[in-house]
Amino acid sequence: VIKLKILLNPDKEIVKEVRKQLIRTGGYCPYMLIRSPATLCMCEDFRAKIADPEFEGYCHCLMYYKKNRILYITKQQKSEQP
């Protein structure tokens, strides 16, 4: 079983700067050239990457990181689930 987790960049300075830029752009990704509903943060491109179970990495602006966590469930644990 693969579980995913979306994290903020651990570098607080990057997060702080991206948030300032998001305020400046009205919520649009500051690193996308076109402003449209698809580029509102969290942008459509990153949401599509999140849907890919193989993808692990950052969004364009480095604000968010998708981390895959692989969990193994034993037969006993499976039988104990409701």
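The values are calculated or read from the model by the stated rules, or taken from the named source; none is laboratory data. Since the structure is predicted, the reported quantities are computational estimates derived from the model, not experimental observations. Here Cβ is always computed from backbone atoms with ideal geometry, including for glycine, and neighbour counts include all displayed protein chains. Just so you know, the surface numbers come from the protein's heavy atoms only, side chains and all, with ligands and any DNA or RNA stripped out. Shrake-Rupley method; radii C 1.70, N 1.55, O 1.52, S 1.80 Å.
Laid out as a table, the results:
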{"item": "Test: residue in the range 64-81 that is open to solvent by less than 90 Å² (accessible area, probe 1.4 Å), closer than 27 Å to Lys12 by Cα, at pLDDT 90 or above and part of a loop (DSSP other than H, G, I, E, B)", "result": "no"}
{"item": "Any chance Val1 is of a type in the set (A, V, I, L, M), modelled with pLDDT of 95 or more and either under 17 Å from the mean Cα position of the chain (by Cα) or farther than 12 Å from Cys59 by Cβ (or both)", "result": "no"}
{"item": "The lone exception for Pro30 - which of (1) touching a residue at least 12 places away in the same chain (Cβ under 8 Å); (2) part of a helix (DSSP H, G or I) it fails", "result": "(2)"}
{"item": "Pairs where the first residue, in the range 42-60, is free of Cβ contacts under 8 Å to residues at least 40 places away in the same chain and the second is part of a helix (DSSP H, G or I) and of a type in the set (Gly, Ala, Ser), C-beta under 7 Å, 6+ apart", "result": "Glu44/Ala38"}
{"item": "All positions within the range 36-63 that are open to solvent by 30 Å² or more (accessible area, probe 1.4 Å), of a type outside the set (Phe, Trp, Tyr), closer than 25 Å to Glu13 by Cβ and outside any helix (DSSP H, G or I)", "result": "Leu40, Cys41, Met42, Glu56, His60, Leu62"}
